[in-house]
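Working notes, structure below.
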Amino acid sequence: MNTIWASRSRVNDDLTTVGGLADFLGLPADEADLAAFRALRQALRDLAGVLTGDTRAVAQERDLHRAVTEVNLAAKRAREWPRLVVENDGKLVRHNESEGAPATQALASIAAEAVELFTGESSVLLRACYAPGCVLYFVKDHPRREWCSPVCGNRVRAARHYRRNRAGE
């Protein structure tokens, strides 16, 4: 979801080109993969917006039913199964095997992880970052965490300090 992110001056998108997707995945990709990943990303952002009650302008145009359909389509694109493997030291470990092109496997894996996030125990911990200009979502993994990153926390504290000092003039 967070391949769309904000800098000081603008919103950035890491998935505007096939090259950007290939860099993100570390795998070869094509135009069809780019379209599929962009559609999945929008679906995940829509679902996160619904789940978090996101009131930011960037999250207002969301379609819950289209998002669910898109995630389900992506999740089933590459069949996955567990495989038992014996490591060199004789230890048995589980490996997940999948069929399909590497980018398709990555898409299906991300969609499956999203289903787990949105329906699992962590779903109540998903938050939208309300720092000025931020467009990210995060999992609140600490009781005092309020922002997606320390950078956003610093931005909020600086803005609050500026408002207080400005109001005192």
Between the modelled labels at Val124 and Arg8 (7 Å from Cα along Cα→Cβ) the distance in nm is 4.1 nm
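Would you mind ranking Arg10, Arg79 by Cβ crowding within 10 Å, fewest neighbours first? Write down the numbers at each step before the final one.
Details: Arg10 8, Arg79 11.
Placing the least packed residue first, the sequence is Arg10, Arg79.
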Two-site label geometry, Val93 and Tyr162: point separation in nm, points 7 Å out along Cα→Cβ: 4.8 nm
Potential extension, Val115-Arg144 segment - 0.36 nm per residue separation minus Cα distance: 7.8 nm
Looking at the chain, which Cys residues are left with no other cysteine's beta carbon under 4.7 Å from theirs? Cys152
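Can you tally the net charge around Leu64? Count Lys and Arg as +1, Asp and Glu as -1, for every other residue whose Cβ sits under 15 Å from the Cβ of Leu64. Don't skip to the answer; put the middle values down first.
Values: positive: Arg45, Arg62, Arg66; negative: Asp46, Asp54, Glu61, Asp63, Glu70.
Once positives and negatives cancel, what remains is -2.
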Spacing of the two label points (7 Å from each Cα toward its C-beta) at Val85 and Leu27, in nm: 1.5 nm
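Quick one: if the Förster radius is 25 Å, what FRET efficiency do Ala101 and Arg38 give, using the C-beta to C-beta distance and rounding to 0.05? Mind showing how you got there, number by number?
Values: r = 17 Å, r/R0 = 0.68.
For Ala101 and Arg38, the calculated efficiency is 0.90.
Throughout, read-outs are computed from the coordinates displayed, never taken from laboratory work. Since the structure is predicted, the reported quantities are computational estimates derived from the model, not experimental observations. Methodologically, a virtual Cβ is constructed for each residue, glycine included, from the backbone with ideal geometry; neighbour enumeration extends over all protein chains shown.
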